[in-house]
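Okay, structure first, notes after.
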Amino acid sequence: MKTIFNTFWRLFLALLILLVFSNRMWAAMETFSSGAYIIDMGQATQSVAKGLKPYGLVYTLIKDHNVALRWVINPSKSKDGIDFSYNSASYKGGPFIIPAEYVNAGVTSAINAWKAKGVVVIGPTTSSFDAPVFTHLTSWPLAILDSQNDDIVKTFYVDAEIPAASYVLKGNPTMLSGCDDVYVLPHADPQNWIDSWVTALDNYIKNENGYLWSGCHAASALEAPVSADGVGLPFLSSTGLIRWNKHDDGSGNYTYRPSCDADPIMQFMGKLDGATTNGSEQIYIPIKTTGSWRPTTKVAVYQPTHTQANPNEAAVLVYGRAYGNSDYGMVMYEAGHDLNEESDPANIAAMRAYFNFILLAGDELQMIVNFDIPSTIPAGSTILLNAIVSDGKPPLTYLWTSSAGGSFSDSTGATTTFTAPLLAVPTSCIIKVLVTDDCGRYSYRSETVNIIQVPIEAIADDASISRVKGYDYCPAIIHETYFSNIRQKGKEKYADQQMILDLTSVGSQYEFKKTGTINCLTSFYNNLNRLSS
């Protein structure tokens, strides 16, 4: 029995590690209401405008407009397959959706500006639809670009029009801290690093859950054993990689592993083969005689046969958890030197793979913010709100906002109360909290609540319009929540039923006048809004 029990737990833990490694490799269906926008990433002809600049729009929406973008990936798709359909059109390549509740004048202006640059954005949608959402994107990560060849990757950002504030140039591993998200190591010679640089990178990935992207021969220089003039950090292989100058190039015609088709990194259109056939290392090969890729490493793009590799192990694009440990950061190697050397679809695909890795880093390392709120609250009522935040480096700062007015007892506190505004008609209101940590990382959460009117009850026997000092008014009593709201605003003298008479006094700015047909309910709310403002 004990053996069976232990076997069960080993299987359970193995499954758990697999799920953690896959970084939530499933999607939750979400329903999007009319008024949403779709950033189309699946145009048949990929270009800088249609394939790279959308990431610039994503950055703008997250950073400047606090939009919680939905990254849509169909978990059962094949390469370049359909993620979802709307209005008889199919969307591919990991599109992004801007939910209707985030659309305002500023967001609309940003969308139009990027559409003018050639980004394909569909919307506003005119009906609701469902889509499989991989994650909510609320943060853009900071990348440290290695000094030796940082210009190679800098051009990715320039082409996508992503501001320089999103990366640091002239970097080295000793600059890394828990406030940095990704170390970017294109063509470089880490085998010549001093020991402190090697230790700093290793510790960053192990202790800070840091991400590492590497290209060209820097990858095999990192992984090759010290005895083979490498650094000796086998992040993705079991015993290291063959040095770049000790193996042949790849064929340039590669296989795309079907089990990786729905991975976030693989959300690009077409093939990247042509972008990798340049530079000092165009394919990565584990040391055939002593090891292989780690079981947790995903060999997404590979050459099935290579004379110096075990079958299916000569990789062009490979990624996974460092050392196969689910507690460590993700590492990605992408072969080739100048992935941006051309602007043809293969180069766009290669650069998109990089930005997808960047988005994945931001998704994993961002703070997760939650709070509960009822779906419906009465106008003028007060509710308690409490922001619950996971991860993030203290101290944290908070900022609560409401799209429909009202007030917060403490708009910068983790816990606050919200008093709904007094409104003449039922209104949909978005409550949002923006959380920033000591590193400057930010994340946010928004929830929609419907603010409804509190019924006004007639107290006159015939519920008719009455005359007071020559003016008509609607006899009514007001729900206690209105009294509370009015008291909080220092209007105590109106906080009883006598306010009806006060409101209708001759010369009062709150009077009700009867001119033709009058809607007592609407008039009362309109005047009450003026009173409590």
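Nothing in this text is a laboratory measurement; each read-out follows from the coordinates by a stated rule. On a predicted model such as this, the values are computed, not experimentally measured, just so you know. Cβ placement follows ideal geometry from the backbone for every residue including glycine, while neighbour counts extend to all protein chains displayed.
Which of 108, 296, 126, 138 has the fewest other C-beta atoms within 10 Å, and how do the rest follow up to the most? Write out the running numbers ahead of the final one.
Working: 108 14, 296 18, 126 10, 138 24.
Listing 108, 296, 126, 138 from fewest to most nearby Cβ atoms yields 126, 108, 296, 138.
Could you pull out every residue, at least 5 positions away or on a different chain, whose amide H is within less than 5 Å of the one on residue 237? Hs are placed 1.01 Å off N in the peptide plane, and Pro or chain starts have none.
Distant-sequence amide H within range of residue 237: 294.
What does the charge add up to near residue 181, with Lys and Arg as +1, Asp and Glu as -1, over the other residues with Cβ less than 13 Å from its Cβ? Mind showing how you got there, number by number?
Working: positive: 393, 441; negative: 180, 208, 363, 364, 391, 437.
Net charge around residue 181: -4.
Using the Kirkwood formula on the Cα atoms of segment 20-137, what hydrodynamic radius do you get, in angstrom to one decimal? Before the final figure, lay out each step's value.
Details: mean 1/r = 0.0697 Å⁻¹.
Hydrodynamic radius (Kirkwood, Cα pairs) of segment 20-137 is 14.3 Å.
So for 313, 342, 334, fewest C-beta neighbours within 10 Å to most, what's the order? Don't skip to the end; give the middle numbers.
Values: 313 22, 342 13, 334 28.
Listed from fewest to most nearby Cβ atoms, that is 342, 313, 334.
Relative to the compact-globule scaling 2.2 N^0.38 Å, provide the ratio for the alpha-carbon radius of gyration of segment 206-268.
Numbers: Rg = 14.2 Å, N = 63, 2.2 N^0.38 = 10.6 Å.
Compactness ratio reported: 1.34.
In whole Hz, with x marking every Gly and Pro, tabulate ³J(HN,Hα) for segment 354-371 from phi via Karplus 6.51 cos²θ - 1.76 cosθ + 1.60, θ = phi - 60°.
4, 5, 5, 5, 4, 4, 5, 4, x, 5, 6, 8, 6, 6, 9, 10, 9, 7
What percent does the relative contact order of segment 20-137 come to when contacts are Cα pairs within less than 8 Å and at least six residues apart?
Numbers: 225 pairs, mean separation 56.3, N = 118.
Over segment 20-137, the number comes to 48 percent.
For segment 89-106, in order, what is each residue's ³J(HN,Hα) by Karplus, 6.51 cos²θ - 1.76 cosθ + 1.60 with θ = phi - 60°, in whole Hz (x at glycine and Pro)?
Result, rounded to whole Hz: 10, 9, 10, 10, x, x, x, 10, 10, 9, x, 4, 5, 9, 7, 9, 4, x.
Over 26 Å between Cα atoms: which of 206/246; 154/246; 117/154 fall into that group? Don't skip to the end; give the middle numbers.
Numbers: 206/246 29 Å; 154/246 29 Å; 117/154 20 Å.
Violating the 26 Å Cα-Cα cut-off are 206/246; 154/246.
Just to check I understand the Karplus step: with θ = phi - 60° and J = 6.51 cos²θ - 1.76 cosθ + 1.60, what whole-Hz values come out for segment 330-342, glycine and proline as x?
These are the phi-based 3J(HN,Hα) values: 8, 10, 9, 10, 10, 5, x, 9, 9, 5, 9, 4, 10 Hz.
Output the relative contact order of segment 204-272, whole-number percent, from Cα pairs under 8 angstrom with separation of 6+ residues. Spell out each step's value before the answer.
Working: 57 pairs, mean separation 12.4, N = 69.
Taking the mean separation of contacting Cα pairs over the length of segment 204-272, I get 18 percent.
What distance in nm lies between label points placed 7 Å from Cα along the C-beta direction at residue 206 and residue 407?
It works out to 5.5 nm between the two label points.
Which order do 407, 139 fall in if you start with the one that has the fewest other Cβ atoms within 10 Å? Please report the intermediate quantities before stating the final value.
Numbers: 407 16, 139 22.
With the sparsest Cβ surroundings first, the list reads 407, 139.
Under 5 Å between amide hydrogens, which residues at least 5 positions from residue 216 or on another chain qualify, with H placed 1.01 Å from N in the peptide plane?
It is 334, 336, by chain and number.
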